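Below is one structure, written out as structure tokens; comments come after it.
The values are calculated or read from the model by the stated rules, or taken from the named source; none is laboratory data. Bear in mind the structure is a predicted one, so any value in this text is a computation, not a measurement. No Cβ is skipped: glycine too gets one built from the backbone with ideal geometry, and neighbour counts run over all protein chains shown.
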Amino acid sequence: MNWLMNTRLFTETLSKAALTRRGLLRSAAAIGATLVFGKVARSEPEDLIADQPPPEYTLEERLQPILAGREPREDRVTLEMPAYAEDGAVVPLRIKVDDPFLGSGYVKSLYLFVDNNPDPLIFTSKLAPDLGSVDWKLKIRMRESSMVRAIAEMDNGDLFMDTTEVEVSISGCG
Amino acid sequence: MAKKISRRGFLKGAGGTVAGAAVAGMAVGAGVTALPPRAQAAGAVMNKKAELPKAMGARVVVVGGGWSGLTLSKYLKKEDSKLDVVLIEPRATFMSCPISNLWLAGLVDYEFITHSFLDAARNNDYTFFNATVIDVDRGARKVFTEQGFVDYDYLVLAPGIDYDYGAIGVSDPEDVYMLSTHYPAAFKPGSEHLSLKQKIHEFEGGAFVLTVPSGNYRCLPAPYERACMVAAIFKKERIKGKVLLLDANPDVTIKGPGFHAAFEELYKDHLEYVPSVTITGVDVHKKKVTSEFDEFDFDDAAIYPRVRAAKLIETLGLVDPNSPQKEAHIDPFKYNVVGDERVYVTGDSRPMPFSKSGNTARSEGKFVAKLIAARAKGHDVEWESPRTICYSVVNIDPMEAIMVDATYAYDGESFGFTNVKMINDRDSIQAQSTLEWARSHYRDMFS
Amino acid sequence: MASRRKTAIRLPRKYAKDEVIEVKTRIIHPNHNGRMAYKDQGYIAEYYVWKIEIFYGDESIITVSASAALSQNPYFTFMLRATHSAPLRVVWVDTQGDQYTESVDVVV
């Protein structure tokens with residue numbers, strides 16, 4: 001199985017897992033639709049309660065399918081994060097890739113992992129060949145202090161990685 | 001606003017003293033110019049015993065006459081009348097931060113939130129010393145003020161908060177001066193509040209920006225309550241303006257359903273709530289707030305920057321190096337500075353994640369008074385959680401409020417809320433309770 | 001509450017043809033990760049944006065497939081070479097299957 005397939009499977013697994021767990025949900029306010037003054041009051045998705053938290057994954061489980069035996073080089077990618085994150089619910093990060101469009105090569109995918117999160121895989125992604133530059137900013141949740149790793153995959157399959165250690169004082173994962 | 005703010009004008013007007021002081025300060029910092037003779041003599045004044053009544057028992061000096069310091073002073077005497085208590089406070093008049101939003105909206109008068117430190121000291125048998133603390137010698141157990149030093153057996157520091165403008169991208173001292181003078185936060189009661197009230201009542205229309213900082217800022221619900229009060233005035237006075245409430249947090253930080261309901265049901269035309277706004281700068285001259293995502297133009301504003309522990313804590317070298325808000329390094333259960341059971345820090349300079357609010361400070365103050373009184377006799381007492389009771393008025397006509405009542409539990413790693421009672425459905429009963437709550441606290445502190 | 005899921009895109013005020021520009025996007029979304037306890041009755045259910053897809057004209061140029069660890073009110077900025085005039089469209093898809101689309105025109 002090549003890495004492209006793996007990426008696709010990942011995204012499908014992510015969405016499917018979320019959908020099937022809906023069977024266990026119940027509303028915090030009321031179950032199902034209620035008639036209030038002639039209007040149907042639907043319970044909002046943000047008010048739903050689950051019996052169990054989602055499953056946890058190990059870094060191995062999440063990282064190996066993406067590495068697929070390849071060893072990432074530790075250059076070209078820069079991951080900028082605060083060394084000390086006050087609030088784990090909102091940790092800013094920036095990922096840059098040097099000369100991502102050198103010659104005929106381009107960044108095909110970016111991946112982000114937080115080693116100590118309940119699910120260490122934060123995102124996978126696909127990029128078009130002609131973006132001109134790779135410089136992304138996002139904000140993520142971190143459960144606790146952890147190593148964070150950004151991996152860039154070139155169209156020829158080469159991997160580049162940068163890691164950084166982030167200390168978290170207030171957990172962002174409940 | 002009628003007057004246009006000009007940086008040039010500011011420099012010209014205040015220039016003589018401000019620029020002069022800045023130059024002198026830099027020169028002294030660089031070790032070039034010595035202080036003039038009378039300024040040098042100030043050191044000699046500081047080094048004399050302050051003119052206070054003689055201590056009749058073990059002396060506890062309390063620094064800071066806010067809700068924490070006033071409560072401690074009173075309850076130290078209640079715990080043990082033999083203790084000699086001195087409250088040092090630089091302000092001459094007490095103005096309450098709790099309830100000040102109601103005063104902004106005209107729901108209570110100035111006398112309701114303003115009180116006399118003299119009444120508090122006289123009625124509760126402690127000494128009020130209207131002075132500013134410059135330094136502390138923990139070895140010699142002396143507190144130095146500009147009017148001389150005071151010896152202590154126990155020292156409690158309750159100096160409150162200062163603002164951290166750097167956290168919202170305003171670092172240049174001149175810019176900080178301009179921002180804090182023209183668009184004061186009004187979370188340290190006094191002139192800031194008087195300015196804000198004037199701004200609100202003179203507002204002619206457009207966008208009035210209020211901000212909610214990140215971190216553990218003073219009084220979590222207060223910025224939302226204030227937004228409701230200002231919007232209520234605009235609505236009542238039919239002003240074509242609205243409050244633009246820029247929140248650094250992803251959602252309302254406390255009593256969310258109650259505030260959201262008020263925003264949507266009462267102030268749809270006069271209040272816009274914008275979550276997740278990370279402010280990166282404020283341009284006082286262009287009247288513009290920049291964030292990492294958007295820019296917001298305003299006609300007037302009260303910019304509440306991030307909060308840190310009062311600078312006195314840093315001056316005295318008591319900051320916890322792990323505290324992002326420069327709070328004190330103390331035992332979280334005993335409040336004493338780590339390694340020094342003679343010095344305590346309470347109120348909004350504490351590092352524990354308790355609400356930086358009046359009821360919290362008062363319940364904590366009672367506990368720390370009990371603890372110090374016990375320790376002075378060689379005993380100890382078990383930790384008691386502070387209690388946060390906090391009403392927020394969200395409607396002025398009729399007056400209606402929401403509330404939260406909670407204590408804290410320690411799970412071995414951190415503190416969290418427990419026994420939470422929250423009333424998010426606004427009603428007039430809660431509004432009456434708000435006033436009763438305030439009256440009883442003022443009565444207890446001042447009479 | 002779908003109306004509360006406001007989305008937004010921001011482009012620089014000025015840019016030239018073929019300039020690489022920063023594009024900022026965000027959505028107001030609770031993005032529950034399913035791990036927050038709800039009183040003593042279980043957990044606030046997972047409900048988050050699992051896909052962000054960016055279209056430039058008809059071409060899908062970036063797809064981010066996320067787990068539940070993006071922050072509340074997800075925020076994403078990226079770089080784009082403004083090669084031609086075309087709509088730039090951001091589609092956020094959450095775990096309830098709801099899609100939120102926002103579009104601006106890139107004009108060069």
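Among what's in segment B:345-361 and is touching a strand residue (DSSP E or B) at 6+ places or on another chain (Cβ under 9 Å) and in a helix (DSSP H, G or I), pick the residue that is farthest from B:Thr407 (Cα to Cα). Break it down stepwise before answering.
First, the residues of segment B:345-361 that are touching a strand residue (DSSP E or B) at 6+ places or on another chain (Cβ under 9 Å): B:345-360.
Okay, now just the ones that are also in a helix (DSSP H, G or I), so B:347-349, B:358-360.
Details: B:Gly347: 15, B:Asp348: 16, B:Ser349: 19, B:Gly358: 14, B:Asn359: 11, B:Thr360: 9 Å.
Ranking the candidates gives B:Ser349 first.
Of the conditions (1) within 28 Å of B:Arg226 (Cα to Cα); (2) assigned to a loop (DSSP other than H, G, I, E, B), B:Glu364 fails just one. Which one is it?
Every condition holds for B:Glu364 apart from (2).
What is the residue count in segment B:36-79 for residues that are in a loop (DSSP other than H, G, I, E, B) and either farther than 22 Å from B:Ala158 by Cβ or not small (Gly, Ala, Ser) (or both)? I'd like the intermediate steps shown before the answer.
Of all residues in segment B:36-79, those in a loop (DSSP other than H, G, I, E, B) come to B:36, B:47-48, B:50-58, B:64-66.
Next cut, either farther than 22 Å from B:Ala158 by Cβ or not small (Gly, Ala, Ser) (or both) only: B:36, B:47-48, B:51-54, B:56.
Number satisfying all stated conditions: 8.
Which of the residues belonging to segment B:239-276 are away from chain C (no Cβ under 14 Å), touching a Pro at 6+ places or on another chain (Cβ under 6 Å) and either surrounded by fewer than 20 Cβ atoms within 10 Å (Cβ to Cβ) or over 21 Å from B:Pro398 (Cβ atoms) (or both)?
B:Ile254
Restricting attention to segment C:25-43, which residues are in a strand (DSSP E or B) and either modelled with pLDDT of 90 or more or more than 7 Å from chain A (Cβ to nearest Cβ) (or both)?
Going residue by residue through segment C:25-43, those that are in a strand (DSSP E or B) are C:25-27, C:32, C:37, C:43.
If the condition is that a residue be in a strand (DSSP E or B) and either modelled with pLDDT of 90 or more or more than 7 Å from chain A (Cβ to nearest Cβ) (or both), then C:Thr25, C:Arg26, C:Ile27, C:His32 are the ones that fit.
Restricting to segment B:239-274, count the residues that are assigned to a strand (DSSP E or B) and not β-branched (Val, Ile, Thr). I'd like the intermediate steps shown before the answer.
Of the residues in segment B:239-274, the ones assigned to a strand (DSSP E or B) are B:241-247, B:271-274.
Now narrow it down to the ones that are not β-branched (Val, Ile, Thr): B:241-242, B:244-247, B:271-273.
Count: 9.
Take the residues in segment C:60-71 that are of a type in the set (S, T, N, Q) and facing chain A (nearest Cβ under 7 Å); name whichever of them is nearest to A:Pro53 (Cα to Cα). Can you show your working first?
Let us first name the residues in segment C:60-71 that are of a type in the set (S, T, N, Q), namely C:60, C:63, C:65, C:67, C:71.
From what's left, facing chain A (nearest Cβ under 7 Å): C:63, C:65, C:67, C:71.
On the way: C:Thr63: 27, C:Ser65: 20, C:Ser67: 14, C:Ser71: 17 Å.
Here the residue is C:Ser67.
Are there strands (runs of 3 or more DSSP E) fully within segment A:42-126 with at least 1 residues that are among the charged types (D, E, K, R)? List them. Give the steps one after another, and end with the answer.
Details: elements: A:48-50, A:77-80, A:84-87, A:91-97, A:107-114.
Where strands (runs of 3 or more DSSP E) fall fully within segment A:42-126 and carry at least 1 residues being among the charged types (D, E, K, R), they are A:77-80, A:84-87, A:91-97, A:107-114.
Pick from segment C:50-98 the residues that are over 22 Å from C:Val108 (Cα atoms) and in contact (Cβ under 8 Å) with a residue 60 or more places away in the chain: which of them is farthest from the chain's Cα centre (by Cα)?
Of all residues in segment C:50-98, those over 22 Å from C:Val108 (Cα atoms) come to C:50-53, C:63-76, C:91-98.
Adding the requirement that they be in contact (Cβ under 8 Å) with a residue 60 or more places away in the chain leaves C:92, C:94, C:98.
Working: C:Trp92: 5, C:Asp94: 10, C:Asp98: 13 Å.
Only one residue tops the list, namely C:Asp98.
Can B:Pro321 be described as more than 16 Å from B:Leu196 (Cβ to Cβ), at pLDDT below 95 and surrounded by fewer than 23 Cβ atoms within 10 Å (Cβ to Cβ)? Quick ask: steps written out before the conclusion?
Working: more than 16 Å from B:Leu196 (Cβ to Cβ): yes; at pLDDT below 95: yes; surrounded by fewer than 23 Cβ atoms within 10 Å (Cβ to Cβ): yes.
Yes, satisfied.
Restricting attention to segment C:77-93, does a residue exist that is of a type outside the set (A, V, I, L, M, F, W, C), more than 22 Å from A:Val97 (Cα to Cα) and within 9 Å of another protein chain (Cβ to nearest Cβ)?
First pass over segment C:77-93, keeping only residues of a type outside the set (A, V, I, L, M, F, W, C): C:77, C:81, C:83-85, C:87, C:89.
Right, trim to more than 22 Å from A:Val97 (Cα to Cα) and you get C:84-85, C:87, C:89.
Add one more test, that the residue is within 9 Å of another protein chain (Cβ to nearest Cβ), and what stays is none.
No: segment C:77-93 contains no residue that is of a type outside the set (A, V, I, L, M, F, W, C), more than 22 Å from A:Val97 (Cα to Cα) and within 9 Å of another protein chain (Cβ to nearest Cβ).
Given the options B:Val284, B:Val277, B:Val289, name the one that is closer than 19 Å to B:Gly169 by Cβ and in contact with a His (Cβ under 6 Å, 6 or more places away or on another chain).
Numbers: B:Val277 fails: in contact with a His (Cβ under 6 Å, 6 or more places away or on another chain); B:Val289 fails: in contact with a His (Cβ under 6 Å, 6 or more places away or on another chain).
Only one candidate qualifies: B:Val284.
Any chance segment A:157-174 includes a residue that's within 9 Å of chain C (Cβ to nearest Cβ) and at negative phi?
Here is the first cut: in segment A:157-174, the residues within 9 Å of chain C (Cβ to nearest Cβ) are A:172-174.
Subset that is at negative phi: A:172-173.
So far as segment A:157-174 goes, yes, one or more of its residues are within 9 Å of chain C (Cβ to nearest Cβ) and at negative phi.
Quickly run through segment B:385-415 and pick out the residues that are crowded, with 21+ Cβ neighbours inside 10 Å, of a type in the set (Gly, Ala, Ser) and over 19 Å from B:Asn216 (Cα atoms).
B:Ala401
Do the conditions hold for A:Asp162, that is, is it outside any strand (DSSP E or B), assigned by TED's automatic domain parsing to the domain that holds A:Arg76 and among the acidic types (Asp, Glu)? First the steps, then the outcome.
Details: outside any strand (DSSP E or B): no; assigned by TED's automatic domain parsing to the domain that holds A:Arg76: yes; among the acidic types (Asp, Glu): yes.
No; evaluated as a whole, the condition is false for this residue.
Mind listing whichever residues of segment B:168-192 are more than 23 Å from B:His115 (Cβ to Cβ) and surrounded by fewer than 20 Cβ atoms within 10 Å (Cβ to Cβ)?
To start, the set of residues in segment B:168-192 that are more than 23 Å from B:His115 (Cβ to Cβ) comprises B:168-183.
Selection gives B:Gly169, B:Ser171, B:Asp172, B:Pro173, B:Glu174, B:Asp175, B:Val176, B:Tyr177, B:Met178, B:Ser180, B:Thr181.
Here are the criteria: (1) over 23 Å from the mean Cα position of the chain (by Cα); (2) in contact (Cβ under 8 Å) with a residue 12 or more places away in the chain. Tell me which single one B:Leu102 does not satisfy.
Only one criterion in (1) over 23 Å from the mean Cα position of the chain (by Cα); (2) in contact (Cβ under 8 Å) with a residue 12 or more places away in the chain is unmet by B:Leu102, namely (1).
Do you know which of the residues in segment A:63-122 that are hydrophobic (A, V, I, L, M, F, W, C) and within 14 Å of chain B (Cβ to nearest Cβ) is farthest from the chain's Cα centre (by Cα)? Steps first, please.
Kept after step one, since they are hydrophobic (A, V, I, L, M, F, W, C), are these residues of segment A:63-122: A:63, A:66-68, A:77, A:79, A:81, A:83, A:85, A:89-91, A:93, A:95, A:97, A:101-102, A:107, A:110, A:112-114, A:121-122.
Subsequent filtering for residues that are within 14 Å of chain B (Cβ to nearest Cβ) retains A:83, A:85, A:89-91, A:93.
Numbers: A:Ala83: 20, A:Ala85: 18, A:Ala89: 14, A:Val90: 14, A:Val91: 13, A:Leu93: 12 Å.
Result: A:Ala83.
Can you work out which of the residues in segment A:127-152 that are crowded, with 20+ Cβ neighbours inside 10 Å and out of contact with any Pro (no Cβ under 9 Å at 6 or more places or on another chain) is farthest from the other protein chains (Cβ to nearest Cβ)?
Among them, the one singled out is A:Ala150.
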